[in-house]
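The values are calculated or read from the model by the stated rules, or taken from the named source; none is laboratory data. In this text the structure is predicted, and so the values were computed from the model without any measurement. Here the Cβ positions follow ideal geometry from the backbone for every residue, glycine too, while neighbour counts run over all protein chains shown.
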Amino acid sequence: MIVRIIVILIVILIVLIILYTYFNRAPIRISNEPNNIPVSPADGKVMYAKDRTIVLFLNLHDVHAQYTPLKSTVKNIKVIDGQHNRADSLIKSNHNKSVKVTFNTAIGDIIVYQRVGFLVRRIINTVVIGQQLERDDIYGKITFGSRVDIILPTGYKTSLKKGEKVTGGITPLF
């Protein structure tokens, strides 16, 4: 009986380790787009895309690492206190806890919000103000289901459409 319980616990532990490893994956990605084209900072499904604003929902199956959209310098980082509404609710999750990172690029400032969701309580951000980054560098991660908002520089409009699936570090934003 004891041996059976130990085997079950070991199997459960192995499954949890595999799930944790899968969820925390952060593959290195290199875009084939021209160097002046910003790429999506995250995997996900486009919830909203109009003019300069793009909102992505990351489900549990998406990679939750965030990628630098364009060669840039980190201009500003702001932690925003907020709620923990479901990340797939476009209106309610606007008020969720988030980290706003402003990337100063050759085409202007690109702003990326990392927003938590209902179950999510943690945003990991590994950059500092003044840090130089290459396009596709991993700069942060949001645990579990979450949301990423992107504001393009003035004068640019996204070509993405609602419902479209994007890949962080790969999919062009316009």
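Points to keep in mind about this one:
- Any hit, the stretch 121-139, residues being aromatic (Phe, Trp, Tyr), in a loop (DSSP other than H, G, I, E, B), closer than 26 Å to residue 85 by Cβ and under 16 Å from the mean Cα position of the chain (by Cα): no
- Of the candidates 68, 143, 158, 73, the single residue that is over 24 Å from residue 30 (Cβ atoms), touching a residue at least 60 places away in the same chain (Cβ under 8 Å) and among the polar types (S, T, N, Q) is 143.
- From the list 71, 50, the one residue that fits, being out of contact with any Gly (no Cβ under 6 Å at 6 or more places or on another chain), modelled with pLDDT of 95 or more, farther than 21 Å from residue 162 by Cβ and not aromatic (Phe, Trp, Tyr), is 71.
- Strands (runs of 3 or more DSSP E) lying entirely in the stretch 1-98 (those with 2 or more residues that are more than 14 Å from residue 139 (Cα to Cα)): 44-50, 53-58, 72-80
- Scanning the stretch 77-98 for residues that are of a type outside the set (Lys, Arg) and within 11 Å of residue 146 (Cβ to Cβ) yields a count of 6.
- Comparison of 63, 55 shows that the only residue that is at pLDDT 95 or above, of a type outside the set (Lys, Arg) and under 13 Å from the mean Cα position of the chain (by Cα) is 55.
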